[in-house]
Amino acid sequence: MEVAVIIPAFNEEERIGKVLEVVTQVEIISQLVVVSDGSTDDTAKTARLFTKDVIELEKNIGKGGAIMAGFAYSQADIVLLLDADLIGLKREHVLALLEPVIQGEVEATVGIFSSGRLFTDWAQKIAPFLSGQRVLKRTILKDIQKLDHTSYGFELALTKYLHARKVDVKKVFLYGISHIMKEEKLGLYRGFLWRLRMYWQILRSINVDIK
């Protein structure tokens, strides 16, 4: 049984290396795929220090499209999705997400931040369905349509699909982990505008039909 990690990334050269360093320490992972989603920095160059499987998209198509591009590239039986800007990721976090699916306990897991940073902990407790840290069997993603059009609404659209199909999903609490906020990456004003765009894309995904 092969396990692949797919990490979508947009201008994450300063942060992605720490995530990849941890992932490469997990022996059960057979493939590490990074999708540089139209990045204008050295995200792809940094990723190639850790893996040969780097996809460079010419333009930014959004998180959903980047993830599905990585999925189409990989043929692994189990797929782990991780954000590129995680803080505090450890090997045990990765294993905690993977093992329930590998062992056949459930078909999918979703990671929930806990005991990390106040705002990210609070946000995930209110809306755990928006977490980008997930493990899924390939057969689940293969059967979903239109996820490549959801951008930042990917997680909500995926959650809707899993709920509608009564897929057994286990919540895994990831202690001491969080991520960089948009306002920290881009500055207060640009970060706030990006956050509004992200929330708009999430709201739009509510009406996406992904049979």
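The values are calculated or read from the model by the stated rules, or taken from the named source; none is laboratory data. What you see is a predicted model; the values in this text were computed from it and never measured. Positions of Cβ are generated from backbone atoms using ideal geometry, with glycine treated the same way; all protein chains shown enter the neighbour counts.
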For this session: Output the residues belonging to region 74-84 that are under 16 Å from Gly17 (Cα atoms) and surrounded by fewer than 23 Cβ atoms within 10 Å (Cβ to Cβ).
Result: Asp83
Exercise. Looking at (1) assigned to a loop (DSSP other than H, G, I, E, B); (2) modelled with pLDDT under 85, which is the only condition Arg195 fails?
Worked result: (1)
For this session: Check whether at least one residue in region 90-102 is under 16 Å from the mean Cα position of the chain (by Cα), surrounded by fewer than 17 Cβ atoms within 10 Å (Cβ to Cβ), modelled with pLDDT under 95 and not hydroxyl-bearing (Ser, Thr, Tyr), and report yes or no.
Result: no
For this session: Only residues in region 19-32 that are of a type in the set (Gly, Ala, Ser) count as the first member; pair them with residues that are buried (at least 18 other Cβ atoms within 10 Å of the Cβ) and assigned to a loop (DSSP other than H, G, I, E, B), Cβ under 7 angstrom, at least 6 apart or cross-chain, and list the lot.
Result: Ser30/Ala76
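Can you name the residue in region 131-157 that is aliphatic (A, V, I, L, M) and modelled with pLDDT of 85 or more and, of all such residues, is nearest to Asp85 (Cα to Cα)? Break it down stepwise before answering.
Initially, region 131-157 is screened for residues aliphatic (A, V, I, L, M), giving 135-136, 140-141, 144, 147, 156-157.
Add one more test, that the residue is modelled with pLDDT of 85 or more, and what stays is 135-136, 140.
Values: Val135: 18, Leu136: 20, Ile140: 25 Å.
Applying the filter and picking the extreme gives Val135.
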Exercise. Of the residues that sit in region 44-64 and are closer than 11 Å to Phe10 by Cβ and touching a residue at least 40 places away in the same chain (Cβ under 8 Å), which one is surrounded by the fewest Cβ atoms within 10 Å (Cβ to Cβ)?
Worked result: Asn60
